[in-house]
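Here's the structure, in C-alpha coordinates; my notes come after.
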Amino acid sequence: MLCSRRGRPSAISLLALLLLPLLAACSSPESVNVYSARQEALIKPLLDRFTAETGIAVNLVTGDGDALLARLRNEGLNSPADLLLTSDAGNLYRAQQADLLQPVSSPALEAAVPVNLRSEEGYWYGLSLRARVLVYAPDRVDEAELSDYAALADPSWRQRICVRSSGNIYNQSMVAGMLASQGAEATQAWLQGFVANFARQPQGGDRDQIKAVASGQCDIALVNSYYLGGMLNSGDAEERAAAEQVRLFWPNQAGRGVHVNISGAGITRSASHSDEARQLIEFMLREDSQQWYAEANNEYPVRPGIAPSALLQSWGEFKADPLNVSELGRLNAQAVMAMDQSNWK
Ligand code: FE
(Lines give C-alpha, C1' and ligand atoms only; values in the text may rest on other atoms or scores of the structure.)
Protein backbone atom coordinates (compact mmCIF):
# COMPACT_ATOMS: atom_id res chain seq x y z
CA MET A 1 0.00 0.00 0.00
CA LEU A 2 2.56 2.52 1.12
CA CYS A 3 4.79 1.82 -1.84
CA SER A 4 2.19 2.92 -4.40
CA ARG A 5 0.71 5.73 -2.36
CA ARG A 6 0.78 9.22 -3.91
CA GLY A 7 0.54 12.28 -1.69
CA ARG A 8 -1.50 15.32 -2.84
CA PRO A 9 0.74 18.24 -3.92
CA SER A 10 -0.31 20.37 -0.95
CA ALA A 11 0.83 17.75 1.50
CA ILE A 12 4.02 16.79 -0.27
CA SER A 13 6.53 18.46 2.00
CA LEU A 14 5.17 16.92 5.19
CA LEU A 15 4.46 13.53 3.66
CA ALA A 16 7.87 13.35 2.05
CA LEU A 17 9.51 13.76 5.43
CA LEU A 18 7.32 11.08 7.00
CA LEU A 19 7.35 8.60 4.15
CA LEU A 20 10.88 8.91 2.85
CA PRO A 21 12.28 6.08 4.98
CA LEU A 22 9.29 3.88 4.09
CA LEU A 23 9.58 4.61 0.41
CA ALA A 24 13.29 3.88 0.55
CA ALA A 25 12.52 0.58 2.24
CA CYS A 26 10.17 -0.36 -0.60
CA SER A 27 12.88 -0.15 -3.19
CA SER A 28 14.92 -3.27 -3.74
CA PRO A 29 17.40 -4.48 -2.55
CA GLU A 30 16.20 -4.15 1.00
CA SER A 31 16.43 -6.59 3.88
CA VAL A 32 16.19 -10.18 4.91
CA ASN A 33 14.94 -11.44 8.27
CA VAL A 34 16.76 -14.45 9.70
CA TYR A 35 15.71 -16.76 12.54
CA SER A 36 18.90 -18.47 13.60
CA ALA A 37 19.61 -21.32 15.98
CA ARG A 38 23.25 -20.43 15.45
CA GLN A 39 24.82 -18.07 17.98
CA GLU A 40 25.25 -14.54 16.77
CA ALA A 41 29.05 -14.53 17.13
CA LEU A 42 29.35 -17.53 14.81
CA ILE A 43 27.37 -15.94 12.00
CA LYS A 44 27.18 -12.15 12.32
CA PRO A 45 30.53 -11.28 10.66
CA LEU A 46 29.45 -13.20 7.56
CA LEU A 47 26.05 -11.49 7.49
CA ASP A 48 27.76 -8.12 7.81
CA ARG A 49 29.95 -8.92 4.83
CA PHE A 50 26.83 -9.88 2.84
CA THR A 51 25.26 -6.53 3.69
CA ALA A 52 28.43 -4.65 2.74
CA GLU A 53 28.53 -6.37 -0.65
CA THR A 54 24.84 -6.32 -1.58
CA GLY A 55 23.31 -3.47 0.39
CA ILE A 56 20.76 -5.96 1.74
CA ALA A 57 20.35 -5.50 5.48
CA VAL A 58 20.10 -8.62 7.62
CA ASN A 59 17.90 -8.63 10.72
CA LEU A 60 18.95 -11.45 12.98
CA VAL A 61 16.86 -13.18 15.64
CA THR A 62 18.76 -15.92 17.47
CA GLY A 63 17.34 -18.56 19.77
CA ASP A 64 17.08 -22.23 20.61
CA GLY A 65 16.22 -24.34 17.55
CA ASP A 66 13.04 -25.82 19.03
CA ALA A 67 11.89 -22.40 20.26
CA LEU A 68 12.41 -20.80 16.85
CA LEU A 69 10.46 -23.59 15.19
CA ALA A 70 7.58 -23.12 17.66
CA ARG A 71 7.66 -19.38 17.00
CA LEU A 72 7.51 -19.91 13.22
CA ARG A 73 4.61 -22.29 13.72
CA ASN A 74 2.69 -19.80 15.86
CA GLU A 75 3.32 -16.90 13.51
CA GLY A 76 2.33 -18.89 10.44
CA LEU A 77 2.09 -16.86 7.26
CA ASN A 78 2.33 -13.66 9.31
CA SER A 79 5.87 -14.48 10.37
CA PRO A 80 8.39 -11.78 9.51
CA ALA A 81 11.06 -14.48 9.08
CA ASP A 82 12.45 -15.06 5.59
CA LEU A 83 15.14 -17.56 6.42
CA LEU A 84 15.45 -20.28 9.06
CA LEU A 85 18.96 -21.34 10.07
CA THR A 86 19.30 -24.47 12.18
CA SER A 87 22.14 -26.58 13.50
CA ASP A 88 20.61 -29.96 12.68
CA ALA A 89 18.96 -31.52 9.64
CA GLY A 90 16.25 -32.84 11.96
CA ASN A 91 14.92 -29.37 12.69
CA LEU A 92 14.95 -28.39 9.02
CA TYR A 93 13.02 -31.53 8.19
CA ARG A 94 10.49 -30.75 10.95
CA ALA A 95 10.03 -27.25 9.55
CA GLN A 96 9.54 -28.68 6.06
CA GLN A 97 6.97 -31.22 7.32
CA ALA A 98 5.09 -28.47 9.16
CA ASP A 99 4.81 -26.60 5.85
CA LEU A 100 6.90 -23.73 7.20
CA LEU A 101 9.41 -23.72 4.32
CA GLN A 102 9.18 -23.20 0.57
CA PRO A 103 11.29 -24.88 -2.09
CA VAL A 104 13.92 -22.89 -3.95
CA SER A 105 16.62 -23.88 -6.36
CA SER A 106 19.33 -22.31 -8.45
CA PRO A 107 22.40 -23.59 -10.29
CA ALA A 108 24.62 -22.00 -7.61
CA LEU A 109 22.83 -23.82 -4.79
CA GLU A 110 22.86 -27.14 -6.56
CA ALA A 111 26.51 -26.90 -7.49
CA ALA A 112 27.59 -25.99 -3.96
CA VAL A 113 25.76 -28.60 -1.88
CA PRO A 114 26.15 -32.35 -2.41
CA VAL A 115 22.75 -34.03 -2.96
CA ASN A 116 22.82 -35.94 0.32
CA LEU A 117 23.24 -32.71 2.29
CA ARG A 118 20.13 -30.92 1.05
CA SER A 119 16.42 -31.55 0.71
CA GLU A 120 15.65 -33.28 -2.54
CA GLU A 121 12.95 -30.73 -3.36
CA GLY A 122 15.07 -27.71 -2.40
CA TYR A 123 13.34 -26.90 0.90
CA TRP A 124 16.69 -26.50 2.67
CA TYR A 125 20.43 -26.65 2.07
CA GLY A 126 23.34 -27.70 4.24
CA LEU A 127 25.84 -24.94 5.09
CA SER A 128 28.36 -26.84 7.20
CA LEU A 129 29.08 -30.40 8.16
CA ARG A 130 29.86 -32.00 11.52
CA ALA A 131 30.51 -35.57 12.57
CA ARG A 132 29.45 -37.44 15.70
CA VAL A 133 32.76 -38.91 16.77
CA LEU A 134 34.27 -40.79 19.68
CA VAL A 135 36.62 -39.15 22.13
CA TYR A 136 38.64 -41.40 24.41
CA ALA A 137 41.17 -41.29 27.21
CA PRO A 138 44.42 -42.57 25.67
CA ASP A 139 45.75 -43.78 29.03
CA ARG A 140 42.75 -46.09 29.56
CA VAL A 141 41.74 -46.98 26.00
CA ASP A 142 43.89 -48.51 23.32
CA GLU A 143 42.88 -47.10 19.94
CA ALA A 144 42.91 -50.66 18.59
CA GLU A 145 39.88 -51.39 20.83
CA LEU A 146 37.78 -48.88 18.91
CA SER A 147 35.96 -49.58 15.66
CA ASP A 148 32.31 -48.71 15.03
CA TYR A 149 29.28 -47.48 17.00
CA ALA A 150 27.95 -51.05 17.05
CA ALA A 151 30.92 -52.21 19.17
CA LEU A 152 29.93 -49.76 21.92
CA ALA A 153 27.22 -52.23 22.97
CA ASP A 154 29.87 -54.80 23.90
CA PRO A 155 29.99 -55.66 27.65
CA SER A 156 33.70 -54.78 27.69
CA TRP A 157 32.56 -51.13 27.79
CA ARG A 158 30.39 -51.57 30.92
CA GLN A 159 30.29 -48.34 32.95
CA ARG A 160 32.80 -46.66 30.66
CA ILE A 161 30.67 -44.56 28.26
CA CYS A 162 29.43 -40.98 28.66
CA VAL A 163 26.81 -39.40 26.42
CA ARG A 164 24.21 -36.67 26.77
CA SER A 165 20.48 -37.34 27.06
CA SER A 166 18.20 -38.91 24.46
CA GLY A 167 16.23 -35.66 24.37
CA ASN A 168 19.06 -34.13 22.38
CA ILE A 169 18.57 -34.05 18.64
CA TYR A 170 22.20 -34.99 17.86
CA ASN A 171 21.68 -38.37 19.55
CA GLN A 172 18.27 -38.78 17.96
CA SER A 173 19.77 -38.15 14.53
CA MET A 174 22.56 -40.62 15.18
CA VAL A 175 20.06 -43.34 16.13
CA ALA A 176 17.95 -42.40 13.09
CA GLY A 177 21.06 -42.99 10.97
CA MET A 178 21.41 -46.45 12.49
CA LEU A 179 17.76 -47.22 11.82
CA ALA A 180 18.31 -46.28 8.19
CA SER A 181 21.35 -48.50 7.77
CA GLN A 182 20.64 -51.52 9.93
CA GLY A 183 16.90 -51.56 10.62
CA ALA A 184 14.74 -51.48 13.74
CA GLU A 185 15.65 -54.79 15.32
CA ALA A 186 19.42 -54.43 15.22
CA THR A 187 19.16 -50.81 16.40
CA GLN A 188 17.00 -51.77 19.38
CA ALA A 189 19.39 -54.55 20.35
CA TRP A 190 22.30 -52.14 20.07
CA LEU A 191 20.54 -49.56 22.22
CA GLN A 192 20.03 -52.10 25.04
CA GLY A 193 23.72 -52.93 25.18
CA PHE A 194 24.86 -49.33 24.67
CA VAL A 195 22.69 -47.90 27.46
CA ALA A 196 23.81 -50.72 29.79
CA ASN A 197 27.38 -49.42 29.33
CA PHE A 198 26.75 -45.85 30.52
CA ALA A 199 29.13 -44.72 33.25
CA ARG A 200 26.54 -42.29 34.61
CA GLN A 201 23.05 -40.93 34.01
CA PRO A 202 23.12 -38.79 30.83
CA GLN A 203 23.67 -35.16 31.77
CA GLY A 204 25.09 -31.94 30.35
CA GLY A 205 26.09 -31.13 26.79
CA ASP A 206 28.79 -32.54 24.55
CA ARG A 207 31.52 -30.42 26.16
CA ASP A 208 30.60 -31.95 29.52
CA GLN A 209 31.13 -35.43 28.10
CA ILE A 210 34.63 -34.46 26.94
CA LYS A 211 35.38 -33.06 30.41
CA ALA A 212 34.07 -36.27 32.01
CA VAL A 213 36.47 -38.36 29.90
CA ALA A 214 39.33 -36.02 30.82
CA SER A 215 38.52 -36.24 34.55
CA GLY A 216 38.22 -40.03 34.52
CA GLN A 217 34.46 -40.37 35.01
CA CYS A 218 34.30 -42.38 31.81
CA ASP A 219 36.71 -43.70 29.20
CA ILE A 220 34.91 -42.79 25.98
CA ALA A 221 32.17 -40.39 24.90
CA LEU A 222 30.13 -39.62 21.81
CA VAL A 223 30.30 -35.96 20.80
CA ASN A 224 30.01 -33.67 17.82
CA SER A 225 33.44 -32.97 16.38
CA TYR A 226 33.22 -29.16 16.63
CA TYR A 227 32.90 -29.24 20.42
CA LEU A 228 36.35 -30.78 20.67
CA GLY A 229 37.62 -28.15 18.22
CA GLY A 230 35.94 -25.38 20.22
CA MET A 231 37.51 -26.58 23.46
CA LEU A 232 40.98 -26.92 21.92
CA ASN A 233 40.66 -23.33 20.65
CA SER A 234 39.02 -22.08 23.84
CA GLY A 235 40.15 -19.00 25.74
CA ASP A 236 39.42 -20.95 28.92
CA ALA A 237 42.59 -22.75 30.04
CA GLU A 238 40.64 -25.48 31.87
CA GLU A 239 38.62 -26.34 28.77
CA ARG A 240 41.79 -26.45 26.69
CA ALA A 241 43.51 -28.70 29.24
CA ALA A 242 40.55 -31.11 29.30
CA ALA A 243 40.40 -31.30 25.50
CA GLU A 244 44.12 -31.93 25.28
CA GLN A 245 43.73 -35.01 27.48
CA VAL A 246 41.40 -36.81 25.06
CA ARG A 247 41.82 -38.14 21.53
CA LEU A 248 39.40 -38.19 18.63
CA PHE A 249 38.47 -41.43 16.89
CA TRP A 250 36.53 -41.75 13.63
CA PRO A 251 34.04 -44.59 14.04
CA ASN A 252 32.62 -46.74 11.23
CA GLN A 253 35.53 -46.19 8.87
CA ALA A 254 35.47 -49.83 7.75
CA GLY A 255 31.70 -49.66 7.21
CA ARG A 256 29.18 -47.04 6.15
CA GLY A 257 31.23 -44.11 7.51
CA VAL A 258 30.92 -41.79 10.48
CA HIS A 259 27.49 -40.28 11.22
CA VAL A 260 27.37 -36.72 9.91
CA ASN A 261 24.86 -33.93 10.23
CA ILE A 262 24.57 -30.41 8.92
CA SER A 263 23.81 -26.90 9.92
CA GLY A 264 21.63 -25.50 7.18
CA ALA A 265 19.07 -23.01 5.99
CA GLY A 266 15.64 -22.93 4.39
CA ILE A 267 13.44 -20.12 3.11
CA THR A 268 10.21 -19.75 5.05
CA ARG A 269 6.77 -20.16 3.54
CA SER A 270 5.93 -16.68 4.85
CA ALA A 271 8.99 -14.98 3.31
CA SER A 272 8.33 -11.60 1.78
CA HIS A 273 12.02 -11.34 0.82
CA SER A 274 12.54 -14.78 -0.67
CA ASP A 275 14.84 -13.50 -3.39
CA GLU A 276 17.14 -11.79 -0.88
CA ALA A 277 17.00 -14.90 1.31
CA ARG A 278 18.12 -17.06 -1.63
CA GLN A 279 20.94 -14.63 -2.33
CA LEU A 280 22.03 -14.95 1.30
CA ILE A 281 22.13 -18.76 1.15
CA GLU A 282 24.11 -18.55 -2.09
CA PHE A 283 26.49 -16.09 -0.45
CA MET A 284 27.03 -18.42 2.51
CA LEU A 285 27.89 -21.21 0.11
CA ARG A 286 30.45 -19.18 -1.78
CA GLU A 287 34.00 -20.53 -1.46
CA ASP A 288 35.35 -17.74 0.78
CA SER A 289 32.24 -17.78 2.99
CA GLN A 290 32.40 -21.53 3.35
CA GLN A 291 35.95 -21.33 4.56
CA TRP A 292 35.11 -18.68 7.15
CA TYR A 293 31.81 -20.19 8.30
CA ALA A 294 33.21 -23.70 8.74
CA GLU A 295 36.31 -22.44 10.52
CA ALA A 296 34.41 -20.12 12.88
CA ASN A 297 32.38 -23.11 14.03
CA ASN A 298 35.17 -25.72 13.89
CA GLU A 299 33.13 -27.53 11.27
CA TYR A 300 33.68 -28.85 7.77
CA PRO A 301 32.57 -26.94 4.66
CA VAL A 302 29.73 -28.65 2.75
CA ARG A 303 31.05 -27.32 -0.53
CA PRO A 304 33.41 -29.85 -2.11
CA GLY A 305 37.03 -28.89 -2.64
CA ILE A 306 37.39 -26.50 0.32
CA ALA A 307 40.02 -27.42 2.88
CA PRO A 308 38.93 -27.42 6.54
CA SER A 309 40.89 -25.53 9.19
CA ALA A 310 44.42 -26.62 10.14
CA LEU A 311 43.15 -28.09 13.41
CA LEU A 312 40.55 -30.21 11.64
CA GLN A 313 43.13 -31.28 9.09
CA SER A 314 45.25 -32.56 11.98
CA TRP A 315 42.43 -35.00 12.81
CA GLY A 316 42.91 -36.62 9.43
CA GLU A 317 40.49 -37.42 6.65
CA PHE A 318 37.40 -39.49 7.26
CA LYS A 319 34.74 -41.40 5.43
CA ALA A 320 31.26 -39.97 6.03
CA ASP A 321 28.00 -41.88 5.92
CA PRO A 322 26.55 -41.00 2.49
CA LEU A 323 22.96 -41.26 3.79
CA ASN A 324 20.74 -38.36 2.75
CA VAL A 325 20.38 -36.28 5.91
CA SER A 326 16.63 -35.98 5.20
CA GLU A 327 16.43 -39.55 6.48
CA LEU A 328 17.55 -38.33 9.91
CA GLY A 329 14.42 -36.23 10.07
CA ARG A 330 12.14 -38.82 8.54
CA LEU A 331 13.22 -41.45 11.08
CA ASN A 332 13.34 -39.08 14.07
CA ALA A 333 10.06 -40.18 15.71
CA GLN A 334 11.02 -43.84 15.38
CA ALA A 335 14.45 -43.10 16.85
CA VAL A 336 12.94 -41.30 19.84
CA MET A 337 10.63 -44.25 20.50
CA ALA A 338 13.48 -46.76 20.29
CA MET A 339 15.60 -44.66 22.69
CA ASP A 340 12.70 -44.45 25.16
CA GLN A 341 12.30 -48.22 25.05
CA SER A 342 15.97 -48.67 25.85
CA ASN A 343 15.65 -46.39 28.88
CA TRP A 344 18.21 -43.92 27.56
CA LYS A 345 17.27 -41.02 29.85
FE1 FE B 1 25.83 -28.02 18.93
TODO: Go through (1) open to solvent by 10 Å² or more (accessible area, probe 1.4 Å); (2) assigned by TED's automatic domain parsing to the domain that holds residue 101; (3) at negative phi one by one and return the number of the condition residue 298 breaks.
DONE: (3)
Open item on the list: When you scan region 173-181, do you find a residue that is within 16 Å of the ligand (Cβ to nearest atom) and open to solvent by less than 20 Å² (accessible area, probe 1.4 Å), even just one?
Closed with: yes
TODO: Evaluate the following for residue 186: is it open to solvent by less than 40 Å² (accessible area, probe 1.4 Å), assigned to a helix (DSSP H, G or I) and free of Cβ contacts under 8 Å to residues at least 60 places away in the same chain?
DONE: no
TODO: For residue 46, indicate whether it is within 16 Å of the ligand (Cβ to nearest atom) and surrounded by 14 or more Cβ atoms within 10 Å (Cβ to Cβ).
DONE: no
Open item on the list: I'm trying to understand the selection: among the residues of region 285-295, which are open to solvent by less than 10 Å² (accessible area, probe 1.4 Å) and either within 16 Å of residue 59 (Cα to Cα) or outside any helix (DSSP H, G or I) (or both)?
Closed with: 285
Open item on the list: Against the condition among the β-branched types (Val, Ile, Thr), outside the structural domain of residue 333 (by TED's automatic domain parsing) and open to solvent by less than 20 Å² (accessible area, probe 1.4 Å), how does residue 113 come out, does it pass?
Closed with: yes
Open item on the list: Residues that are more than 16 Å from the ligand (Cβ to nearest atom), under 20 Å from the mean Cα position of the chain (by Cα) and not assigned by TED's automatic domain parsing to the domain that holds residue 224: does region 131-152 have at least one?
Closed with: no
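What residue, of 90, 122, 63, is open to solvent by less than 10 Å² (accessible area, probe 1.4 Å), modelled with pLDDT of 95 or more and under 20 Å from residue 268 (Cβ atoms)? It would help to see each step written out before you state the result.
Working: 90 fails: modelled with pLDDT of 95 or more; 63 fails: open to solvent by less than 10 Å² (accessible area, probe 1.4 Å).
Result of the check over 90, 122, 63: 122.
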Open item on the list: Could you list, ordered by first residue, the pairs with Cβ atoms under 7 Å in which the first is in region 68-81 and in the same structural domain as residue 99 (by TED's automatic domain parsing) and the second is modelled with pLDDT of 95 or more and part of a helix (DSSP H, G or I), at least 6 apart or interchain?
Closed with: 69/95; 72/95; 79/72; 81/72
Task: Subset of region 191-237 (residues that are open to solvent by less than 10 Å² (accessible area, probe 1.4 Å), more than 16 Å from the ligand (Cβ to nearest atom) and not in a loop (DSSP other than H, G, I, E, B)) - done: 191, 194, 212, 213, 220
Task: Meets criteria (open to solvent by 40 Å² or more (accessible area, probe 1.4 Å) and not assigned by TED's automatic domain parsing to the domain that holds residue 187) for residue 159 - done: no
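The values are calculated or read from the model by the stated rules, or taken from the named source; none is laboratory data. Note that the structure is predicted; figures quoted are calculated from it, not measured. Using ideal geometry, Cβ is built from the backbone for each residue, glycine included, and neighbour counts are taken over all protein chains shown. Remember, those area values only see protein heavy atoms, side chains included, never the ligands or the DNA or RNA. Shrake-Rupley method; radii C 1.70, N 1.55, O 1.52, S 1.80 Å.
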